[in-house]
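In what follows, a structure is listed as structure tokens, so that the remarks can point back to it.
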Amino acid sequence: MHLAWIIAIATVTAPQSPARPSALACEVATPSGRPLTFTPRVGLTPQRVTAHGNLQLTGCVSPDGSATYLRSGWVTVKATAQASCTSARHVRGNAVITWFGATGRPVGTSELRIRANQLATQSPADSLLTGTVTAGPLSDERVRGGITPATALLGCATQGMSALPGDGRITFG
């Protein structure tokens with residue numbers, strides 16, 4: 001997997017009690033025809049990379065019942081990392097999530113601080129969804145997740161990767 005690890009999903013930085021259900025869980029995907037992008041392209045050798053793009057959150061469910069009004073979302077993300085095809089370190093960035101309710105109307109905006117120190121992942125974009133909600137709905141919740149790239153790791157290793165379409169899951173709480 002690729003820099004999608006850095007962008008796609010947040011990884012919990014502290015252990016979470018198994019007895020506490022998450023506040024919210026959603027499917028996550030890059031919009032059709034709009035993959036996450038990396039500058040310069042991610043390759044076999046780690047280098048400083050900037051990742052940016054959008055993600056769609058759909059099918060959101062609130063296992064603990066605290067966020068049932070959040071049904072879907074649109075994420076704008078930008079982060080930097082020391083990344084390669086198989087890992088991401090020193091991930092730092094921000095994301096803004098516009099939330100939508102059952103009627104499809106906006107119901108709030110959350111800010112996500114992206115932070116990960118070292119991740120060996122299936123995709124660099126996974127680390128892009130590692131962090132904490134700092135403002136708005138789900139404030140103070142930890143975020144984690146992952147994105148499965150639509151392309152194979154072999155292509156990243158042989159040609160590098162400047163764009164990453166994919167899908168996965170993200171959890172808040």
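The values are calculated or read from the model by the stated rules, or taken from the named source; none is laboratory data. Here the structure is a predicted model, which is why all the values come from computation and not from measurement. Side chains are part of the model used for accessible areas, which takes the heavy atoms of the whole protein and leaves out ligands, DNA and RNA. Shrake-Rupley method; radii C 1.70, N 1.55, O 1.52, S 1.80 Å.
In sequence order, the stretch 34-41 has phi-based couplings of 10, x, 5, 10, 10, 10, x, 4 Hz under the Karplus curve 6.51 cos²θ - 1.76 cosθ + 1.60, θ = phi - 60°, and Gly or Pro positions carry x.
Extension gain for the segment R41 to V96, taken as residue separation times 0.36 nm less the Cα-Cα distance, is 17.4 nm to one decimal.
Rounded, prolate or oblate for the stretch 25-173? Axes are the square roots of the Cα gyration tensor eigenvalues, ordered a ≥ b ≥ c, and the cut-off for rounded is a/c under 1.5. The shape class here is prolate. Per residue, the stretch 24-109 exposes an accessible area of 48 Å² to a 1.4 Å probe, with every protein chain left in place. As a fraction of the 1.4 Å probe accessible area of the stretch 26-173, surface on carbon and sulfur atoms comes out at 50 percent.
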